[in-house]
1. Keeping to region 199-225, report how many residues are away from the ligand (no atom under 11 Å from the Cβ) and in contact with a Pro (Cβ under 7 Å, 6 or more places away or on another chain).
2. What number of residues within region 341-351 are away from the ligand (no atom under 16 Å from the Cβ) and open to solvent by 70 Å² or more (accessible area, probe 1.4 Å)?
3. Looking at Leu113, Leu140, which one is free of Cβ contacts under 8 Å to residues at least 12 places away in the same chain and farther than 30 Å from Pro230 by Cα?
4. Restricting to helices (runs of 4 or more DSSP H) lying wholly in region 1-94: which have 3 or more residues that are open to solvent by 70 Å² or more (accessible area, probe 1.4 Å)?
5. Among the residues of region 258-286, count how many are surrounded by fewer than 20 Cβ atoms within 10 Å (Cβ to Cβ), closer than 23 Å to Lys352 by Cα and within 10 Å of the ligand (Cβ to nearest atom).
6. Of (1) more than 24 Å from Gln145 (Cα to Cα); (2) within 16 Å of the ligand (Cβ to nearest atom); (3) more than 30 Å from the chain's Cα centre (by Cα); (4) of a type outside the set (Lys, Arg), His228 satisfies all except one. Which?
7. Hey, which of the helices (runs of 4 or more DSSP H) in region 115-210, taking only ones fully inside, have at least 3 residues that are more than 26 Å from the chain's Cα centre (by Cα) and crowded, with 20+ Cβ neighbours inside 10 Å?
Amino acid sequence: MAYTVPKLKDFSAAALEKATKKLLSALDEEAAAIETEPDWKTFRDRWMARKDGVLTQVNDLWLKAAPKEAKRHAGQQVNEIKKRVEQAIDVAQNRARGDSASRLDSDRLDITLPGIQRPIGAEHPVIKTMNEIVSVFRNLGYSVQEGPVIETDYYNFEALNFPPNHPARDTQDTLFIANQESKPQRERLLLRTHTSPVQIRTMEKIKPPLRIVIPGKVHRNDPPDASHSPMFHQIEGLAVDTNITFGDLKGTLDHAMKALFGSSVKTHFRPSFFPFTEPSAEMMVSCFICGGSGQRGSEPCRPCKRTGWIEILGCGMVDPNVFEFVKDNGYDPRKVSGFAFGMGADRVALLKYGVDDIQLFFQGDVRFLRQFA
Ligand code: DAH
């Protein structure tokens, strides 16, 4: 209940002092609750308003109403009350305004201090390149699939038609997870050496027709140097339908290279071998640094080693032996055909940005990375 000023019947010194004590304790209590400026204004008006404030009422009910013999003492009391009310209103106002007298030092704002920098991150150049490649294929109607980096021998090799003793299965190239010897070979875990296992994983899940790209991290047991890293990135592609031909493969990849490197680049296919494609090819693009001439002014062109061509990816028609592994999901090798390709995203980024050491991509030096932001 809010405090109200009582009418006094007894104007004795003791009664006046008792009433004063009650009033002051109400004053302190209300003052302590004030936090904001509007709180404070209400408080001030309640106690000080000329018309009907607490002080005016005290003046009327305790002083004016006092009998003659009590006037002197009542006057002293009312003066004391007035002083205390004014004080309480001052202190409360400082607190409500947040003046330094009542604020913690840590709350104070020093506008002369330098601001806090919050740098905004940016895409890593390799991720940026992967996103660009993916979006070229998205525009052709491809969707994106991903798979695990820790893979089984089955998906990484067996279902991709690698024979049991293929050299890629050797620890020279592949990083195997330790202590797997008790498991059958196909269940043994390794760090995937390419994104191709996701071809199988996707064909197990989705029936043909299929058009997908697969960006991801891969690992190989290669010592790091300017063009090798034990961890790098690939983008895989796979299209399966009825009547897909090598012509579709060439047309699709030629378009993609022009979209990525500029409309004047040419593509060139040369026979190659991969266990999971037949026939297989390596694709080159005409060097977009020297325009295919092999020379930069009087200097030899380094990125294409003066040949005018840059090898950019492996590709081919999906080997029927691969379809055999997913035949039950609609991939009957007599009914469907497809093409696949895989490219190193880091290599594309090196070429695109004219960087000469792949290690720079993975050292996390912000001075280097910032240049691509
Ligand atoms: N997986 C191969 C590698 O890592 C690249 C590759 C070649 C992927 C031909 C393909 C392909 O899909 O058809 O070297």
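The values are calculated or read from the model by the stated rules, or taken from the named source; none is laboratory data. These numbers were taken from a predicted model, which means no experiment stands behind them. Neighbour counts run over all protein chains shown; Cβ positions are idealised from the backbone, glycine included. Note: areas computed on protein heavy atoms with side chains; ligands, DNA, RNA excluded. Shrake-Rupley method; radii C 1.70, N 1.55, O 1.52, S 1.80 Å.
1. Count: 4.
2. 0
3. Details: Leu140 fails: free of Cβ contacts under 8 Å to residues at least 12 places away in the same chain.
Within the list Leu113, Leu140, the selection yields Leu113.
4. Values: elements: 13-32, 37-48, 54-58.
Those helices (runs of 4 or more DSSP H) span 13-32, 37-48.
5. 1
6. (3)
7. Values: elements: 125-138, 153-156, 197-205.
Correct list: 153-156, 197-205.
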